[in-house]
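Just so it is clear, none of the values below were taken in a lab; they were calculated from the coordinates. Because the structure is predicted, anything quoted here is derived from the model rather than measured. Cβ placement follows ideal geometry from the backbone for every residue including glycine, while neighbour counts extend to all protein chains displayed.
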Amino acid sequence: MGGADKGLLPYRGRPLITHVIDRLAPQVFVLLISANRNLDAYLTLGHAVIADNFSDFPGPLAGLAAGLATCTTDWLVTCPCDCPALPGDLVVKLLSAAEQRNVSLALAVTPDRLQPTFQLCHRSLLPVLTTYLAAGNRKVADWCRQQGAIEVPFPDPAPFRNLNTPADLT
């Protein structure tokens, strides 16, 4: 996207992230926005904005760590800002599976691939995540596997489609 802040790019007349908020907010008690720039713009969306605690912006796991350190609930669900059609039953399916199997981490999986940034994580995993990041590790799927994450099937891959190019936004 040419270095632009993807969440703030226009999609169907509104910032991309507002579409994600519309889909996710009815599924959660509190919504947090993870951002490392343009914080004032994100604050106008009416939700708390948290930044990573790392100077080198190590990616999605740093955002997860910031979210786990900030959240006031036992569970934190994550999804990227560039998937405006995320499933309306994402949270309930992930939580149900995690509780049934008594695990601390549940990931969405579609027929075509694992969707590790669509996850439900128990806040008890924050210390091990912090250690993983401090060791210089950054791979989301690797960390999830190490935690014994379960895969929760979502049969339709369309809601997980990322908008990654300017053409995708049109």
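What's the extension gain from ASP142 to ARG12 if we count 0.36 nm per residue and subtract their Cα-Cα distance? Provide the component values of the computation, followed by the final result.
On the way: separation 130, 0.36 × 130 = 46.80 nm, distance 3.47 nm.
Gain on extension, ASP142 to ARG12, equals 43.3 nm.
Please identify the trypsin sites (Lys or Arg not before Pro) of the range 78-170 that satisfy two criteria: DSSP loop assignment and at most 16 other Cβ atoms within 10 Å. Which are they? Before the final figure, lay out the partial values.
Values: sites: LYS93, ARG101, ARG113, ARG123, ARG138, LYS139, ARG145, ARG161; in loops: ARG138, LYS139, ARG161.
Passing both the DSSP loop test and the Cβ count: ARG138, LYS139, ARG161.
Quick query: amide H of ASP82 versus all other amide H atoms, modeled in the peptide plane; which residues come in under 5 Å with a sequence gap of 5 or more or a different chain?
Excluding prolines and chain starts, which carry no amide H, there are no hits.
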